[in-house]
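To keep things clear, I will list the structure first and then write my remarks on it.
The values are calculated or read from the model by the stated rules, or taken from the named source; none is laboratory data. All values derive from a computational prediction rather than experimental measurement. As a convention, Cβ positions derive from the backbone with ideal geometry for all residues, glycine included, and neighbour counts pool all protein chains shown.
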Amino acid sequence: MNEIDALVRPNILALSPYSTARDDFKGQAEVFIDANESPFPNGWNRYPDPRQKALKARIAQIKGVSADRIFVGNGSDEAIDVLMRVFCTPGRDGIVSIAPSYGMYRVAADINDLPLKEVQLGEGFSLEPEKLLAACDGHTKLLFLCSPNNPSGNAFPTGELLRIAEAFRGITVVDEAYIDFSSQPSLLPQLDAHPRLVVLQTLSKARGLAALRVGLAFASPRIIELMSRVKYPYNINAAAQKLAMEALEEPIEAHVATILAQRDRLMQELPRFPFVKKIWPSDANFLLVEVADADATYEHLTRDGIIVRNRNRVTGCRGCLRITVGLPEENDRLLASLTKL
């Protein structure tokens, strides 16, 4: 048994996944009378490709990885949940993550009845590899690292991430949802050298497809095959696949450049307000801002029709608001509203 299979739940290794007649068909189909669909064509009467072959092929070209290393999920949240279901036996296995970080790691762990240990980041939201590894034991199957991290905004050094992935004997999951805004490189080129590494990305952020719910996981072909066994057959609908394919042909560089320029603008202008105590450096499309009274500032902004994220009650983020970088006119409204405080 290889090192990946040794980590998998026995029932998943033995699982015979649901398959369709079209999965087994090798020729060029002309008549579709296998799936009890409506035969009346309206553009949507046929089930979508359960393997998302065309979408994966295009993503493979863009990302420089082979298609058999790509899992497409209903948002990154599906990939997170599927990884837990593949590798962690409820009531027995556990998970470790950094904190503060993306809240869905804990929600998914709770849903799957899996204990999750959170290891607080160090000073300045720094990564502390030895503390993380010390929190892992013989039952720890997954370790989640969000980089750039949400809500702190900072990206962790590549060397530290790879050192953890090498030392941890389970599956290291690096969530790169915000990588397009970061000065740090993606870990995708490291997949060959680290077979227990999973990299998450998304089309929701820089690609602007949040409404379509298209998340990506990149890993060894064996991990992707195991994840594909567990997912629901038609997890990505035909409209999402079609619109994602179209969007992938559109360049994102200008949008990313605008967001980075506006991020720099907010970094310069927000400290002029006397109630702004600190702005944390960001490699993402948002800023974590410490203010004198986070609750009052949040309520003031909501009354002006502006929604930000109040992180005041998150351990390590006392007094902080998370502010997404908007369009120039949206940032104008934010700054104008803050002048009234």
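Points to keep in mind about this one:
- Pick from region 259-301, criterion hydroxyl-bearing (Ser, Thr, Tyr) and within 27 Å of the chain's Cα centre (by Cα), ranking: nearest to Pro185 (Cα to Cα): Ser282
- Flag for Asp68 being at pLDDT 95 or above and not β-branched (Val, Ile, Thr): yes
- Among residues of region 5-33 that are in the same structural domain as Tyr47 (by TED's automatic domain parsing), those with a Cβ under 7 angstrom from a residue that is charged (D, E, K, R) and in a loop (DSSP other than H, G, I, E, B), sequence gap 6+ or separate chain, pair up as Ala21/Asp34; Arg22/Asp34; Phe32/Arg46.
- You will find that of Ala109, Ala35, the residue that is within 30 Å of Val314 (Cα to Cα) and hydrophobic (A, V, I, L, M, F, W, C) is Ala109 and no other.
- Any hit, region 134-150, residues being over 20 Å from Pro185 (Cα atoms), charged (D, E, K, R), surrounded by 14 or more Cβ atoms within 10 Å (Cβ to Cβ) and not assigned by TED's automatic domain parsing to the domain that holds Asp283: yes
- The set of residues in region 250-291 being farther than 19 Å from Arg207 by Cα and among the charged types (D, E, K, R) consists of Asp264, Arg265, Glu269, Arg272, Lys277, Lys278, Glu290.
- Of everything listed in (1) crowded, with 18+ Cβ neighbours inside 10 Å; (2) closer than 23 Å to Ser147 by Cβ, the single unmet condition for Leu226 is (2).
- Flag if Glu246 is more than 30 Å from Pro17 (Cβ to Cβ), out of contact with any Ser or Thr (no Cβ under 8 Å at 6 or more places or on another chain) and not aliphatic (A, V, I, L, M): no
- Restricting region 19-35 to residues that are under 34 Å from the mean Cα position of the chain (by Cα) and of a type in the set (Gly, Ala, Ser), the residue that is nearest to Leu216 (Cα to Cα): Ser19
- Some residue of region 36-48 being within 27 Å of the chain's Cα centre (by Cα), closer than 30 Å to Leu142 by Cα and of a type outside the set (S, T, N, Q): no
- Residue satisfying all of: in region 301-341; charged (D, E, K, R) and assigned to a loop (DSSP other than H, G, I, E, B); farthest from Arg272 (Cα to Cα) among these: Arg313
- Subset of region 287-323 (residues that are within 18 Å of Arg263 (Cα to Cα) and surrounded by fewer than 18 Cβ atoms within 10 Å (Cβ to Cβ)): Ile306, Ile307, Arg309
This table checks each residue for (1) among the aromatic types (Phe, Trp, Tyr); (2) modelled with pLDDT of 95 or more; (3) closer than 27 Å to Thr89 by Cβ.
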residue: Phe168; (1), (2), (3): yes, yes, yes
residue: Leu191; (1), (2), (3): no, yes, yes
residue: Val199; (1), (2), (3): no, yes, yes
residue: Arg207; (1), (2), (3): no, yes, no
residue: Asn237; (1), (2), (3): no, yes, no
residue: Leu243; (1), (2), (3): no, yes, no
residue: Glu253; (1), (2), (3): no, yes, no
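- In summary, Asp264 fulfils each of the numbered conditions (1) surrounded by 15 or more Cβ atoms within 10 Å (Cβ to Cβ); (2) part of a helix (DSSP H, G or I); (3) assigned by TED's automatic domain parsing to the domain that holds Ile323 with the single exception of condition (1).
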